[in-house]
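**Student:** Here it is: the structure, laid out below.
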Amino acid sequence: MNLQRERIKPSITSEPFGVLPNGREARLFTLRNCNGMSVKISNFGGVITSIVCPDKDGNFSDVVLGFDTVEPYVKDSPYFGAVIGRYCNRIAAGRFELNGEQWQLACNDGPNHLHGGLRGFDKVLWQANAEVIVGAPTLELGYYSADGDQGYPGNLEVKVSYQLREDDQLVTRFTAVTDRATPVNLSQHSYFNLSGQGDVLDHELRLWSNRYAPVDENLIPTGDLVSVDKSVFDYRQLRKIGDSLPSNNPQIQLANGGYDHAFELIKKHGDKPQRAAKVLHKKSGRYLELFTTEPSLQFYTGNFLDGSLQRRGRYFKKHAGLCLEPQHFPDSPNQPQFPSTILQAGESYRSVLKYKFGIEAG
């Protein structure tokens with residue numbers, strides 16, 4: 001698609017996205033800003049199915065992995081573009097202790113609980129409200145997770161808002177309240193490929209991080225935070241991802257030949273969103289900057305994609321996309337050295353994530 005970037009009226013529209021196994025209809029919302037950038041989001045799983053933005057020559061491409069109908073998200077999706085909760089990432093053995101009680105969660109990743117369980121927030125239909133707020137198309141989603149959902153204690157009310165701004169920034173806000181203490185760790189799981197095709201090994205990455213969390217054979221953090229200095233985990237300056245893959249580093253091999261690790265973020269500005277990552281694809285000129293209020297960032301390079309999934313004839317093979325998931329550390333309920341993820345009754349969970357898209361000509 002070769003469209004000239006032009007000022008248009010911001011809008012948000014809705015269309016059918018398919019029927020779920022229970023007979024309810026999923027909807028697909030298209031947010032479009034004044035520059036022609038568009039983001040498609042479904043109220044099923046809060047999934048971002050498409051982000052279309054221009055390259056340095058004015059060619060528009062889709063820069064996330066996804067599907068055109070709801071059925072693959074119900075059956076086969078590796079969390080493409082989804083809202084993740086109640087707890088993103090892994091909890092070892094699906095067990096934790098809270099206030100003297102032992103809790104057992106659904107295990108859906110070998111011995112672990114992963115991304116909220118068998119029916120996490122990526123597999124539910126959210127209530128949706130769409131409007132343009134001060135020139136910015138905004139989609140607000142809400143979900144009520146009942147006490148005992150996937151084994152979690154407490155009733156949890158969750159809200160997620162997506163807003164596409166005129167500076168090509170997609171802002172996501174998460175809020176939640178509970179009536180009983182419960183772990184909460186929400187995130188967004190888009191797979192980015194700024195070239196719109198192929199793999200991401202030619203992408204350059206910078207992370208605002210000095211330490212990462214090594215994992216064991218089940219991809220559970222060992223509890224240590226290790227310096228990235230002089231290692232394949234050192235992304236303190238822009239560096240091509242493919243230069244470190246394949247690697248004989250034991251941590252890379254544990255993650256099936258790529259990254260699937262939490263990086264501790266450098267915090268300087270209190271609770272305000274701060275820069276955590278930058279991805280640059282030099283050939284297209286596209287870049288993505290990520291800002292977050294969270295203490296860590298999970299960097300995943302699509303190591304378990306195997307080419308069995310596709311969209312319009314494009315098969316998603318290993319390293320077809322990369323994920324940058326702001327969150328608290330994996331397995332935090334079992335590892336008190338990490339910041340707490342327990343939300344108490346009467347408290348409010350708040351998290352902000354900003355994706356800023358742009359072009360570097362050169």
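Every number in this text was worked out from the coordinates using simple rules, so none of it is lab data. It should be emphasised that the depicted structure is a prediction, and the values quoted were computed from it without experimental measurement. Note that we place each Cβ from the backbone using ideal geometry, even for glycine, and neighbour counts take in every protein chain shown.
**Student:** For residue 282, what residues show an amide H to amide H distance below 5 Å, using hydrogens built from the backbone and excluding near sequence neighbours?
**Tutor:** HN-HN under 5 Å from residue 282: 204.
**Student:** Can you classify segment 11-359 as rounded, prolate or oblate using the Cα gyration tensor, where a ≥ b ≥ c are the square roots of its eigenvalues, rounded means a/c under 1.5, and otherwise it's prolate if a/b beats b/c and oblate if not?
**Tutor:** rounded
**Student:** Next up: Of 114, 92, 30, which is farthest on the positive side of the dipole of the chain, counting Cα position, with +1 on Lys and Arg Cβ, -1 on Asp and Glu Cβ, and the Cα centre as origin?
**Tutor:** Checking the options against the dipole of the chain, the answer is 30.
**Student:** With charges only on Cβ, +1 for K and R and -1 for D and E, what is the dipole size of the chain about its Cα centre, in debye, rounded to 20?
**Tutor:** For this selection, approximately 940 debye.
**Student:** Here is a further query. Which ³J(HN,Hα) values, rounded to whole Hz and listed in residue order, are derived for segment 229-240 from phi using the Karplus coefficients 6.51, -1.76 and 1.60 in 6.51 cos²θ - 1.76 cosθ + 1.60 with θ = phi - 60°, glycine and proline given as x?
**Tutor:** 3J(HN,Hα) across segment 229-240, in whole Hz: 4, 6, 9, 6, 9, 8, 10, 6, 10, 3, 8, 5.
**Student:** Then there is this: Kindly write out, for segment 162-172 in residue order, the coupling ³J(HN,Hα) from the Karplus curve 6.51 cos²θ - 1.76 cosθ + 1.60 (θ = phi - 60°), rounded to whole Hz, with x marking Gly and Pro.
**Tutor:** For segment 162-172, the Karplus-derived couplings read 10, 9, 9, 9, 6, 8, 6, 10, 9, 9, 10 Hz, x marking Gly and Pro.
**Student:** Count charges around residue 254 for me, please; just the other residues with Cβ under 10 Å from its Cβ, Lys/Arg as +1, Asp/Glu as -1.
**Tutor:** Local net charge: -3.
**Student:** Moving on. Per residue of the chain, what 222 nm ellipticity follows from adding -39500 (n - 2.57) for every DSSP H run with n ≥ 4, rounded to the nearest 500?
**Tutor:** -500 deg cm²/dmol
**Student:** Further, regarding this structure: For residue 359, what residues show an amide H to amide H distance below 5 Å, using hydrogens built from the backbone and excluding near sequence neighbours?
**Tutor:** Sorted by chain and number, the residues that satisfy this are 287.
**Student:** Mind running the shape call on segment 259-341? Use the C-alpha gyration tensor, a ≥ b ≥ c as the square roots of the eigenvalues: rounded below 1.5 for a/c, prolate if a/b tops b/c, oblate otherwise.
**Tutor:** Oblate shape, in that a/c is at least 1.5 and b/c is the bigger or equal ratio.
**Student:** May I pose another question? Give a residue-ordered list of calculated ³J(HN,Hα) values for segment 243-250 (Karplus: 6.51 cos²θ - 1.76 cosθ + 1.60, θ = phi - 60°; whole Hz; x for Gly, Pro).
**Tutor:** Per-residue couplings from phi come out as 5, 9, 10, x, 9, 8, 4, x Hz.
**Student:** Within 10 Å, count the other beta carbons around each residue, average over each peptide in 222-230, 105-113, 155-163, 317-325, and list them highest first.
**Tutor:** By packing density, highest mean first, the sequence is 317-325, 155-163, 105-113, 222-230.
**Student:** What residues have an amide H closer than 5 Å to that of residue 36, excluding those fewer than 5 places away on the same chain, when H is modeled at 1.01 Å from N in the peptide plane?
**Tutor:** Close amide H contacts, sequence-distant or interchain: 8.
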